[in-house]
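Take a look at the structure set out below.
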Amino acid sequence: MPALLQFSENEAGIVAQARSVLAWHSRYQFCPTCGSATKLEDGGYKKVCLKEDCSSHVGVHNTCYPRVDPVVIMPVIHPDGNHCLLGRKKRFHPGMYTCLAGFVEPGETIENAVRREVEEESGVKVGQVRYVSCQPWPMPSSLMIGCIAFAVSTEIKVDNIEIEDAQWFSREQVMEFLNKKNQSAFFVPPHQAIAHQLIKHWVGMNASL
């Protein structure tokens, strides 16, 4: 991942596309419907089962195309508008806090995924959800769907499974993190990450919104 952040935007897009497709080729070598061998078509963007009577040949199906896994990622805004909830996993570098995130489940809307993930991980309840932007993340095949989540409760109770800590940070603190002027041990992901851009987006919002 550190190497990926060194590329330009155009280069990073090419690398992300290639890594995701190659990961799909290496992990899904057999037909998911019947288990038979497959062959590549459409320039490597489709796999076709070699078994002629496989049911995957009938009708519209999506079993033999590259995966794209939707993930919601969001800073959570305090009801006062001037504090932002960020969390950290145990595997993060010491002091790094970032947006909460999680996979969208089948049949779930983006908004409900945001509300569920935030409550599961931090105990905070979310009301309004606004979409901001997205970013492909080839680790190996995620599409990060960036949102702003507006909290309707403030008590934090982390799950200690997905994250080990979550805190409300003031707008001033977050601005210092972004500008790298904070003398404490806290910091946020680099500017190439959508988490950084979402946090920066919030800092520029009017607190009364």
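The values are calculated or read from the model by the stated rules, or taken from the named source; none is laboratory data. Keep in mind it's a predicted model, so treat the numbers as computed, not measured. Every residue, glycine as well, gets a Cβ built from its backbone with ideal geometry; the counts of neighbours run over all protein chains shown. In case anyone asks, the SASA skips ligands and DNA or RNA and just uses the protein heavy atoms, side chains included. Shrake-Rupley method; radii C 1.70, N 1.55, O 1.52, S 1.80 Å.
Some notes on this structure:
- Taken over segment 76-128, the residue count meeting the criterion of being among the aliphatic types (A, V, I, L, M) and either closer than 14 Å to residue 153 by Cα or surrounded by fewer than 20 Cβ atoms within 10 Å (Cβ to Cβ) (or both) is 9.
- In this structure, residue 43 does not qualify as open to solvent by 30 Å² or more (accessible area, probe 1.4 Å), part of a helix (DSSP H, G or I) and touching a residue at least 40 places away in the same chain (Cβ under 8 Å).
- Subset tally (residues that are out of contact with any strand residue (DSSP E or B) (no Cβ under 9 Å at 6 or more places or on another chain) and open to solvent by less than 60 Å² (accessible area, probe 1.4 Å)) for segment 148-169: 1
- Checking each residue in segment 94-131 for being under 15 Å from the mean Cα position of the chain (by Cα), among the aliphatic types (A, V, I, L, M) and either at pLDDT below 95 or assigned to a loop (DSSP other than H, G, I, E, B) (or both) picks out only 104.
- Residue tally, condition more than 14 Å from residue 194 (Cβ to Cβ), modelled with pLDDT under 95 and among the polar types (S, T, N, Q), over segment 136-153: 1
- Residues satisfying the stated conditions in segment 57-67, i.e. open to solvent by less than 80 Å² (accessible area, probe 1.4 Å) and over 20 Å from residue 141 (Cβ atoms): 59
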